[in-house]
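The values are calculated or read from the model by the stated rules, or taken from the named source; none is laboratory data. Source: prediction; values computed, not measured. Neighbour counts are summed over all protein chains in view; Cβ atoms, including those assigned to glycine, are modelled from backbone coordinates with ideal geometry.
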């Protein structure tokens, strides 16, 4: 038996632990030969694979990034390197040439969509979900998310001491374009005073009210804001300008917009920090290493059971799987009745409304 | 409304986050007055409480230990300070005197048993489970456990580099007298070669076989062994001596026994480290802070709903509760068919059998 | 004996360890009464002090920030709160009223200047240097710097894995307006490929050359750039615009300028992260806690010896002191012949020239 | 030019950073060919070397352990593998056969002694000091020490919270058979109440007095004790028994002895933790990575200058070198007038006397 593995989309702590668990399980259980595809789907297009034996995956459980490399935009159905042409037939030919009995695709929404379309062309595929934002439908918790929350929490802990010493409003902008899980969990973990997420458009006057109230008593305020958070209604000129910009990070992001809006109305200083890529790099937390190992093991089990064109998912504490056909294009934001939101509210955290 | 809180049994990262969430929720939601009972049930016996207002619980979400103090052996039904007499009536009188409408007991198996018996005397109690070993029945994951796994994983990561450099067998003895969760998860997270847990009596010859095989190739071996792990059958003279000892840590523990058994049979050096109390101290991981906050909030919700004599539990991703009457004396070891065990085996980890 | 302590300027990990060591030393050695002045010199102006007994400084050695609070702009000689008037006579009166036998000022360049001028008015002052950038003249290493280097190194380690996985140029902008110590040490510690510091104006074409060369082979490049780094000569329109801006962080900083300059010339993606305030918050490293304790102890010793109007300094491994009169306005950048620069160059790190 | 590198003695965080800096400097500066000798002097005896090119040392600056392996007992002058015979002539022949123009020996006291004797036979040697205990004469601070202090401080911080919660005496036994630097710096960094080091034999009654005094007020005590610490005079039966034992760790170490001595005299519980090998494994702190890089670079510079049979040392902030002949057998304990000791005493830390 011969199995290929690739990692697609943005990198994420735990990818190597998944790769290792898939390879080790297939080799130990099935005596399979495992091939690593380089740089996501690009490796299938550009015909770059390498053998993944036990030696190749030794000692990588704690390593950040992906030993296979990844690529954000390589889609065989609309290949940027061929002027947007569909090169999926060539990919199919390459998969057959390699004699792959299965292909494991570790990736996010976009990668699962490609995986699904490749499976329709006859490649036996097993998907493994990857999203640092924890916003994939069907699965309760993705590897990488715990690490991101840990990094953001550490930053919030640090900002709190500096905010406290200077009597400032400290804003931390976190990842999360469409889902606020990182800001919400890290905000709760660090005792942030205000948490703003995309799912709950905030009221600027409410944010101001809290900052002023705290200025009088505790003298400082910590705000965790997801990059996709938006104010309610109105003509959001500055914000809209940034949204429309080709490069929002360069211009500022919501963290800086919020600062510009708050600063003129407050006596104390307002400061913004944007963590950026630091949130997705480096060694995964032990929690993520175990979870990634379980995902990888479950993917190998699907192959052993010849249950293809499915994606492994976590439901509660158990790993399960769903058809790839059901996955595409479905995201999971923080629902309005999420118990974390209620816990936040009831313990005195403002959600900006 | 007036509510008391106490923390009983061994300390555990996340206790302060629970205390904070209970107090904040009760104050914000119900306008309750919250009293902190000092040193677990001892505070109820010795009549030591103090007010827990918002200021008292500010900034403690990340603090290790418990601001209330705790006590391992204070049982009002068999009070060591009164020659083992039952002083529960005096405790009941004190609770009435304080005018407590509810008592939140954060603790393990033993504390829940006392909490249940106090509830039978008419005190409205809400329990919150605490076990660093993650071995309480009814609940999927306890706060503190993730932190312990993180500390043990960090130690295993460190031992691996030193084992690799010297070509040694490195043994790490972890907490876990009756359940192997910590050794199992930390072992998986760090890529340990052998994981020995109480639930699976190990075969010494199998452990030896792995060490020898690795001595030839990778040159080093990392073993995570839970303090309650035991070899299969036979006359375990050394082990039994330690078990019988009043102070097993002083004499050595299973980590040292294992070393004594392996060393004469191996060419390379065998070294043991026993982490001890370090595993339960210090700041909780962000995961544990969020989980502890959720437990505390759920305990406050039970009080708001006047659902007493229940313990909050985690089922999958949701918090729920069970009657205190169902809790006592039931532990949860690693079941033989646990998916983590299968993932360990399939990825080439030896469980010593 | 009665002694006041204040912390001035930006906060810095280790301030609490200094405060604690000063207070403990004075109390244990001299039986002194210690007063904490709130928010730097503002507390002297607004008459806000509080007693610092042993209990008040217990358990703060590892705490980030300053328990006394600090203020960036409070200068009694040009008080912003009085339209820029000189209120130093009132401060002097307050110091006399309090009966202070000495005043310990923990702060940077600006604070030492004020401390010196206050000492000229007759207040017996002892200074303790504080600069996260490590750029104060006279002293070899300041507390807080090691912590900043550790935080930046952790971020660079993380960016390296994500850069490696995606084949990107990752830029990290660090603190350091006038001195490049943080970028230099953290760059060396993390194995950065290019380190750009204010003391060595970089050549953009050289930075490009390295990125291109690595794009061909290693596929990724990590750049540590101090916020004060500048390109050589030329008309630096974008850069100058940012320099002239009242809010450089908002507009982008050198990290973003560099990205804009590199991106069009490279095939791979270029990404910038700006760490910001995270670098100066949170718990100090053990190194900084020991160093801060030594500084605080040395300040107390100067008071015991009645050697006033001096600032404690570190020379090699020994603490010493210099007259406050010699301190003002002298900074210490990375000298051209610094051994760290030579080590960087000789181990293949580009300094952009 | 061809240069060999070996790492001898116990492993230590930073070894890889030294190896990398030596190799990179020699390759970049001198175009040298670098050979890595495996497992310390054993590799010279057993003729095992491998090329160390730029690729081989890429990405190892932060890795714990040594990529070359090390060996504790391999002495060519008394080779255990040849019944204690002198095989140094064979080693010399091998060095000549390899055509080594220089040999870099990274190691402690014992390795420097061997290096010196090899140099007398005509091998051009450069030594680089390595001691996790920081107790080598001639050099102010060794790489690895800062990491050990950080690990011990983290453990002490954790023990403090658990000690505080339970009202216990928590003892942590650290490395340091002959020198107390680790216990002293980590004790200071974590605010330990009592620090016991080999250089200052402690008085048990004084240790007891502090514990009792604190039992009454703060309720808990943290003791950092170096493994080589000893009580003053008297007949130290338990202690002597352990000293005489072939395996002190197995029997208990001073941490357990101290516990046995204190427990019967105190009302509260006394607990001991022995960190062991965890203290020397894992990724070095950024401080140690920079220091190790400087040591490695300085070693390469000595080779470039053809200044052989010397060991690099740190004096204050500058790297220098001393003749190997001066190094052997000289250790550096904590001197009685060390400023750290004074700082400890003056800030209320008990040294047990």
Self-check item: Which listed residue is touching a residue at least 24 places away in the same chain (Cβ under 8 Å), closer than 16 Å to residue C:186 by Cβ and within 14 Å of chain D (Cβ to nearest Cβ), from C:344, C:299
Solution: C:344
Exercise. Quick one: count up the residues across segment A:204-231 that are assigned to a helix (DSSP H, G or I) and under 22 Å from residue A:145 (Cα atoms).
Key: 0
Quiz item: Within segment A:24-32, is even one residue surrounded by fewer than 24 Cβ atoms within 10 Å (Cβ to Cβ) and touching a strand residue (DSSP E or B) at 6+ places or on another chain (Cβ under 8 Å)?
Solution: yes
Quiz item: Does segment D:190-203 contain at least one residue that is assigned to a helix (DSSP H, G or I), away from chain B (no Cβ under 14 Å) and more than 24 Å from residue D:7 (Cα to Cα)?
Solution: no
Quiz prompt | segment B:157-187: number of residues that are within 18 Å of residue A:63 (Cβ to Cβ) and more than 9 Å from every other protein chain (Cβ to nearest Cβ) | solution = 1
Quiz item: How many residues are away from chain C (no Cβ under 12 Å) and surrounded by 24 or more Cβ atoms within 10 Å (Cβ to Cβ) when one looks only at segment A:1-23?
Solution: 10
Exercise. Looking for whichever is touching a residue at least 12 places away in the same chain (Cβ under 8 Å), buried (at least 24 other Cβ atoms within 10 Å of the Cβ) and farther than 23 Å from residue D:276 by Cα here; the options are B:151, B:118, B:132. Which one fits?
Key: B:118
Quiz item: residue C:98: surrounded by fewer than 24 Cβ atoms within 10 Å (Cβ to Cβ), at negative phi, in contact with a strand residue (DSSP E or B) (Cβ under 9 Å, 6 or more places away or on another chain) and touching a residue at least 12 places away in the same chain (Cβ under 8 Å), yes or no?
Solution: yes
Quiz item: Counting only residues that are modelled with pLDDT of 95 or more and more than 20 Å from residue B:117 (Cβ to Cβ), which one in segment B:319-332 is surrounded by the fewest Cβ atoms within 10 Å (Cβ to Cβ)?
Solution: B:320
Practice problem: Would you mind stating whether residue A:140 is under 18 Å from the mean Cα position of the chain (by Cα) and crowded, with 24+ Cβ neighbours inside 10 Å? | Solution: no
Quiz item: Restricting attention to segment D:302-312, and to residues there that are touching a helix residue (DSSP H, G or I) at 6+ places or on another chain (Cβ under 9 Å) and under 16 Å from residue D:22 (Cβ atoms), which single residue is farthest from the other protein chains (Cβ to nearest Cβ)?
Solution: D:308
Practice problem: Could you list all residues from segment C:47-66 that are over 18 Å from residue C:144 (Cα atoms), more than 13 Å from chain A (Cβ to nearest Cβ) and either buried (at least 18 other Cβ atoms within 10 Å of the Cβ) or touching a strand residue (DSSP E or B) at 6+ places or on another chain (Cβ under 9 Å) (or both)? | Solution: C:49, C:50, C:51, C:52, C:53, C:56, C:57
Quiz prompt | Residue match in segment C:264-276 (condition: without any contact (Cβ under 8 Å) to a residue 24 or more places away in the chain, within 24 Å of the chain's Cα centre (by Cα) and at the interface with another protein chain (Cβ under 8 Å from one of its Cβ atoms)) | solution = no
Practice problem: Mind checking which strands (runs of 3 or more DSSP E) fall wholly inside segment A:247-339 and carry at least 2 residues that are assigned by TED's automatic domain parsing to the domain that holds residue A:162? | Solution: A:270-274
Quiz item: assigned to a helix (DSSP H, G or I) and not assigned by TED's automatic domain parsing to the domain that holds residue B:179 - does that describe any residue in segment B:122-142?
Solution: no
Exercise. Would you mind stating whether residue A:318 is touching a residue at least 24 places away in the same chain (Cβ under 8 Å) and farther than 23 Å from residue C:271 by Cα?
Key: no
Exercise. Return yes when residue A:234 is closer than 23 Å to residue C:275 by Cβ and either surrounded by fewer than 23 Cβ atoms within 10 Å (Cβ to Cβ) or at pLDDT below 95 (or both) and no when it is not.
Key: no
